[in-house]
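J.: This is the structure I want to talk about, given as structure tokens.
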Amino acid sequence: MSKINANFNLNKRRKIFGKTEVFTFKGGIHPDDMKGSTETKAIVDIEAPAELVFPLQQHIGAPAVPCVEVGQRVLMGQKIAEAGGFVSANIHSSVSGTVKAIEQRLHPSGTKVQSIVIENDGLNEVSDELIPLDEETVSPQEIIERVKAAGIVGMGGATFPTHVKLSPPADKKIDYVIINGAECEPYLTSDHRAMLETTDEVVRGLRLILKALAIKDGYIAVETNKQDAIAKLKSCVQSDADYNIKIVAVKTKYPQGSEKHLIKAVTGRSVPPGKLPMDVGVVVNNIDTCAAVARAVIQGKPLIRRIVTVSGDCIAEPLNFRVPIGTPFSHLVEKCGGFSKTAAKLIMGGPMMGVALSSVDVPVIKGSSGLLAFSEEMAKTQQTASCLRCGKCVSGCPMNLLPNVIKEAVCADDLEKLTKLNLGDCIQCGSCSYVCPAEQNPLQYVRTGKAKLARQEVKA
Amino acid sequence: MENLKEKLIVTESPHIRDGNTTGGIMLDVIIALMPALIAGVFVFGYRAAALAVVCVGACVFFEWAWCKIVKKQVSIGDFSAAVTGLLLAMNLPVTMPFWMAIVGSLFAIVIVKQFFGGIGHNFMNPALAARAFLLTSWAQAMTTWVQPFTKVAFFSNADAVSHATPLAQLAQNVDTVSQATSASDAAVAELPSYLDLFLGTTGGCIGEVSALAILIGAVYLICKRVISIKIPAAYILTVAALTFVFGGNDGLFSGDALYHVLSGGLMLGAFFMATDYVTTPYTPNGQIVFGIGCGILTAVIRLWGGYPEGVSYSILLMNVATPLIDKYTAPKRFGVVKEKKGDKKNA
Ligand code: SF4
Ligand code: SF4
């Protein structure tokens, strides 16, 4: 894709009737955003509990390798596990204390994973492993090194190691960085609060990311339901000779925050099937990730805390927390005043793409943007009925798939047909299952279909 | 922890739903049909309401009975049989004998719907198929129109005053116009006014007399996102355009498009029958193709066919073409761009 093409699309963002045009993509759905109970609540800092658990797998890629021993004293911010490869990330202790055990512990994904357990001594003694760097004189290479050393990963939930994104292969020319402030998942407000309360860090983080990639153009894309954040960000950025940073309002629609759809909305570029954002010259980062980059470089702080929204109909007082990573979710629930009614389902992340937890005693990890507690009432789905052929799943699918046809093909075990339905394009956004009036849950069949195709490939 | 279930529900995402159900949607359709039914009762009297009750009752009963006979789960709770019954009643003249209406209901539910596997599997709109079936079986009864606001006896249609529907009148006018201008002028003067058509004080089937009443229901369905405007808009605009271009007596571009749009079953068909989920395309582009196809067929039947009214047959024909339309209008894969087009834009 040529540069000229992108400029053409960017120039399209003209003013109509004095209002800035709002960009978006085709398809998608409009769930209730349910953010009212936490969006105006300032982030509350939470004290670490007595025991913290750090799974070695908190990111996409190889698990980290412990570099401490049982019984050893560690400081806050000290590296306790080393990246297990290029696509992997360091892990740091979020408290000072003693390594109690390195053993299998329950992970939010529901399986047991090798984890480092640390007993908090409450002294909060800080390690000086990472020294603050001067943001003016720091070199691109130093920034990337620091991001890697600080163990920063995508904090929107995908947890892809950030230093990998910042080191594109030489043949991929990057034109833009987009900071993803869409936060299109209902309930979640952690990015929203970060934009409001750590605006300066977000903007400085973006400048550092631009510097690391040696480019000028950066965008912060925010959904129109967060006007206060848009205004705050606008008041904090000024473009100068070095960087050209713009705040872009994108339509409030799910899944606006999907990388491919955000890129489409902001730059007009289309990421072809099977390709990555960097193939069209774009790098997308999450808001909190961006702020984490600023903290790592400017203050020498590794990634040891994150913002978590705790909400849902069973939470007595929904709040946004800044949480030391490794804290069990049960600790957050206590700080919210406990469950106000019987919780039947706990979700880490948003209600559309989050993971259902099998226990409340699993730790907050780098990708935990929220904890939702739903009652039986909220969690239940209606009875499955015959597909009405209503097409709601088709018009709602942001990837232009045919979820109803996929389901049919999976049920009929028609593998030949399945190969033509582009199952690999599915971004698991759940829109199809959300809108289906007959409770067909097409996404579940997409998953089954993918597994079937994979099995067939193995056989062939 | 307190107030936490021992065994948490662990299912894969997504964890929430929009709350729409088949039953809820069907109930909305029933609500949306009420204004048209009330208009029908107002114009034709209580027999219209009685006919609606008979059709709905019969359809629900046959659905229940069928499910019992073949021992499958009784599906009357989704209200789809009730909708079929109501739509069938809307498509009948008020003088229709009750027993014929019951036979029509049997045909709609058992032959058209359940023989093919029940809701979601039938390929034709049951109510419309039943209407077509009744029309071929009892053409006389199906085309006995009464003068609005005449009293219709409950069990006999002996004293029904036969009365041409507006479209039949219009067709006649077009035929006679070349013979005697003065005579046709007189006939034209007798045509119901636009206002009559809009408000619904004309002859016709129970549900199709008032465009206004149908529109009220349609707006409700569109606001509740039960139907999208795509099919009705494409349908009605196509009919309007074609009847305007080809429907006039004074050469091209002299047709009375508004008359065609407001009269006959077009409004009812476009908003309530051509939007039936099961028998229309699920792809967004396919829905537009479907609407245009219905429009072309309706205009052709009305202008050049033997029938004054072509809505039912048009929709039924397009129902049959639906799988084909779906096949060729599948949405384009996300992210695939035609390089050529992009380059042109750059220039
Ligand atoms: S098929 Fe996949 S991409 Fe499409 S709506 Fe369903 S989950 Fe989303
Ligand atoms: S939304 Fe559900 S009922 Fe409608 S076409 Fe898709 S799978 Fe069928």
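The values are calculated or read from the model by the stated rules, or taken from the named source; none is laboratory data. These figures come from a predicted structure and were not determined experimentally. Counting neighbours? That spans all protein chains shown, and the Cβs are built from the backbone with ideal geometry, glycine included.
J.: So, in the stretch A:414-435, how many residues would count as being at the interface with chain B (Cβ under 8 Å from one of its Cβ atoms) and either over 28 Å from residue A:276 (Cα atoms) or near ligand 2 (Cβ under 8 Å from one of its atoms) (or both)?
T.: Residues flagged as at the interface with chain B (Cβ under 8 Å from one of its Cβ atoms) and either over 28 Å from residue A:276 (Cα atoms) or near ligand 2 (Cβ under 8 Å from one of its atoms) (or both) within the stretch A:414-435 amount to 1.
J.: Report, by residue number, each residue of the stretch A:88-106 that is over 19 Å from residue A:50 (Cβ atoms) and surrounded by fewer than 20 Cβ atoms within 10 Å (Cβ to Cβ).
T.: Result: A:104, single match.
J.: Can you spot a residue in the stretch B:276-293 that is closer than 20 Å to residue B:90 by Cα and part of a helix (DSSP H, G or I)?
T.: No, the conditions are met nowhere in the stretch B:276-293.
J.: Can you spot a residue in the stretch A:446-455 that is touching a residue at least 24 places away in the same chain (Cβ under 8 Å), over 18 Å from residue B:13 (Cβ atoms) and surrounded by fewer than 23 Cβ atoms within 10 Å (Cβ to Cβ)? Walk me through how you get there before you give the answer.
T.: Restricting attention to the stretch A:446-455, the residues satisfying the condition of being touching a residue at least 24 places away in the same chain (Cβ under 8 Å) are A:446, A:448-450, A:452-453.
Applying the additional criterion that residues be over 18 Å from residue B:13 (Cβ atoms) yields A:452-453.
So of that shortlist, the ones also surrounded by fewer than 23 Cβ atoms within 10 Å (Cβ to Cβ) come out as A:452-453.
Checked the stretch A:446-455: at least one residue is touching a residue at least 24 places away in the same chain (Cβ under 8 Å), over 18 Å from residue B:13 (Cβ atoms) and surrounded by fewer than 23 Cβ atoms within 10 Å (Cβ to Cβ).
J.: Right, here's the next one. Filter the stretch B:278-299 for residues that are without any contact (Cβ under 8 Å) to a residue 40 or more places away in the chain and either of a type in the set (A, V, I, L, M) or at the interface with another protein chain (Cβ under 8 Å from one of its Cβ atoms) (or both) and give the result. So that I can check it myself, show each step before the final result.
T.: If we filter the stretch B:278-299 for residues that are without any contact (Cβ under 8 Å) to a residue 40 or more places away in the chain, which is where we start, we get B:293, B:297.
Within the stretch B:278-299, just B:297 meets the criteria.
J.: Further, regarding this structure: Which is of a type in the set (A, V, I, L, M, F, W, C), buried (at least 24 other Cβ atoms within 10 Å of the Cβ), part of a helix (DSSP H, G or I) and out of contact with any strand residue (DSSP E or B) (no Cβ under 9 Å at 6 or more places or on another chain), of B:268, B:317, B:221?
T.: Being of a type in the set (A, V, I, L, M, F, W, C), buried (at least 24 other Cβ atoms within 10 Å of the Cβ), part of a helix (DSSP H, G or I) and out of contact with any strand residue (DSSP E or B) (no Cβ under 9 Å at 6 or more places or on another chain) holds for just one of B:268, B:317, B:221, which is B:268.
J.: Right, next: Could you say which residue among A:252, A:224, A:189 is crowded, with 20+ Cβ neighbours inside 10 Å and among the hydroxyl-bearing types (Ser, Thr, Tyr)? Explain how you work it out, then say what you get.
T.: Working: A:252 fails: crowded, with 20+ Cβ neighbours inside 10 Å; A:224 fails: crowded, with 20+ Cβ neighbours inside 10 Å.
Answer to the check: A:189.
J.: Return the residue satisfying two criteria in turn: it lies in the stretch A:374-387 and is more than 8 Å from chain B (Cβ to nearest Cβ) and closer than 15 Å to residue B:9 by Cα, and of such residues it is farthest from the chain's Cα centre (by Cα). Walk me through how you get there before you give the answer.
T.: Residues of the stretch A:374-387 more than 8 Å from chain B (Cβ to nearest Cβ): A:375, A:377, A:380, A:383-384.
Now drop any that are not closer than 15 Å to residue B:9 by Cα, which leaves A:375, A:377, A:380.
Values: A:375: 25, A:377: 27, A:380: 26 Å.
Among them, the one singled out is A:377.
J.: May I pose another question? Would you check which residues across the stretch A:207-218 are crowded, with 24+ Cβ neighbours inside 10 Å, farther than 17 Å from residue A:302 by Cα and aliphatic (A, V, I, L, M) and list them?
T.: Of everything in the stretch A:207-218, just one residue is crowded, with 24+ Cβ neighbours inside 10 Å, farther than 17 Å from residue A:302 by Cα and aliphatic (A, V, I, L, M), namely A:212.
J.: Ok, one more. For the stretch A:418-450, which residues satisfy the criterion of being farther than 13 Å from residue A:401 by Cα and among the β-branched types (Val, Ile, Thr)?
T.: A:435, A:448, listed by residue number.
J.: Can you name the condition, by its number, that residue A:357 falls short on among (1) touching a Cys at 6+ places or on another chain (Cβ under 9 Å); (2) crowded, with 19+ Cβ neighbours inside 10 Å; (3) within 10 Å of chain B (Cβ to nearest Cβ)?
T.: Looking at each condition in turn, residue A:357 falls short on (1).
Here is a yes/no grid of residues against (1) within 14 Å of chain B (Cβ to nearest Cβ); (2) of a type outside the set (A, V, I, L, M, F, W, C); (3) outside any strand (DSSP E or B):
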position: A:37; (1), (2), (3): no, yes, yes
position: A:49; (1), (2), (3): yes, yes, yes
position: A:54; (1), (2), (3): no, no, no
position: A:59; (1), (2), (3): no, yes, yes
position: A:62; (1), (2), (3): no, no, yes
position: A:68; (1), (2), (3): no, no, yes
position: A:95; (1), (2), (3): no, no, yes
position: A:100; (1), (2), (3): no, yes, no
position: A:109; (1), (2), (3): yes, yes, yes
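J.: Can you tell me which residue among A:397, A:411, A:390 is within 16 Å of ligand 2 (Cβ to nearest atom) and either facing another protein chain (nearest Cβ under 7 Å) or of a type in the set (Asp, Glu) (or both)? Reasoning before the result, please.
T.: Details: A:397 fails: either facing another protein chain (nearest Cβ under 7 Å) or of a type in the set (Asp, Glu) (or both); A:411 fails: either facing another protein chain (nearest Cβ under 7 Å) or of a type in the set (Asp, Glu) (or both).
None of the others qualify; the one that does is A:390.
J.: While we're looking at this one, here's another question. Residue B:302 fails exactly one of the following numbered conditions: (1) in a helix (DSSP H, G or I); (2) charged (D, E, K, R); (3) within 16 Å of ligand 2 (Cβ to nearest atom). What is the number of that condition?
T.: (3)
J.: Could you check the stretch A:111-125 and list, in sequence order, the residues that are loosely packed, with under 14 Cβ neighbours inside 10 Å and under 27 Å from the mean Cα position of the chain (by Cα)?
T.: Once the filter is applied, which keeps residues that are loosely packed, with under 14 Cβ neighbours inside 10 Å and under 27 Å from the mean Cα position of the chain (by Cα), the stretch A:111-125 yields A:111, A:112.
J.: One residue is enough: does the stretch B:197-207 have a residue meeting the conditions part of a helix (DSSP H, G or I) and modelled with pLDDT of 70 or more? Quick ask: steps written out before the conclusion?
T.: Here is the first cut: in the stretch B:197-207, the residues part of a helix (DSSP H, G or I) are B:197-199, B:206-207.
Restricting the remaining residues to those that are modelled with pLDDT of 70 or more gives B:206-207.
Looking through the stretch B:197-207, at least one residue is part of a helix (DSSP H, G or I) and modelled with pLDDT of 70 or more.
To keep it simple, each residue is scored yes or no on (1) at positive phi; (2) surrounded by 24 or more Cβ atoms within 10 Å (Cβ to Cβ); (3) more than 8 Å from ligand 1 (Cβ to nearest atom); (4) of a type in the set (Gly, Ala, Ser).
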| position | (1), (2), (3), (4) |
| --- | --- |
| A:393 | no, yes, no, no |
| A:403 | no, yes, no, no |
| A:408 | no, no, yes, no |
| A:426 | no, no, no, no |
| A:436 | no, yes, yes, no |
| A:441 | yes, no, yes, no |
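J.: Follow-up question, since we're still on this one. Looking at (1) in contact (Cβ under 8 Å) with a residue 60 or more places away in the chain; (2) within 9 Å of chain B (Cβ to nearest Cβ), which one does residue A:271 not meet, given that it meets all the others?
T.: The one condition residue A:271 does not meet is (1).
J.: Something else now. Looking only at the stretch B:312-347, count every residue that is under 24 Å from the mean Cα position of the chain (by Cα) and either small (Gly, Ala, Ser) or at pLDDT below 90 (or both) and tell me the total.
T.: Residues flagged as under 24 Å from the mean Cα position of the chain (by Cα) and either small (Gly, Ala, Ser) or at pLDDT below 90 (or both) within the stretch B:312-347 amount to 3.
J.: Which ones in the stretch A:360-372 are more than 7 Å from chain B (Cβ to nearest Cβ) and over 19 Å from the mean Cα position of the chain (by Cα)?
T.: A:361
J.: Within the stretch B:3-50, which residues are over 20 Å from the mean Cα position of the chain (by Cα), among the charged types (D, E, K, R) and either closer than 17 Å to residue B:148 by Cα or modelled with pLDDT of 90 or more (or both)?
T.: Within the stretch B:3-50, B:12, B:17, B:18, B:47 qualify.
J.: Answer yes if at least one residue in the stretch A:77-87 is basic (Lys, Arg), more than 17 Å from residue A:368 (Cβ to Cβ) and buried (at least 18 other Cβ atoms within 10 Å of the Cβ), and no otherwise. Reasoning before the result, please.
T.: Quick first cut of the stretch A:77-87, residues basic (Lys, Arg) only: A:79.
Next, only the ones that are more than 17 Å from residue A:368 (Cβ to Cβ) stay: A:79.
Subset that is buried (at least 18 other Cβ atoms within 10 Å of the Cβ): A:79.
Yes.
J.: If we only count helices (runs of 4 or more DSSP H) wholly inside the stretch B:1-112, which ones have 1 or more residues that are within 14 Å of chain A (Cβ to nearest Cβ) and surrounded by fewer than 21 Cβ atoms within 10 Å (Cβ to Cβ)? I'd like the intermediate steps shown before the answer.
T.: Details: elements: B:22-44, B:46-69, B:80-90, B:98-106.
Here the list reads B:22-44, B:46-69.
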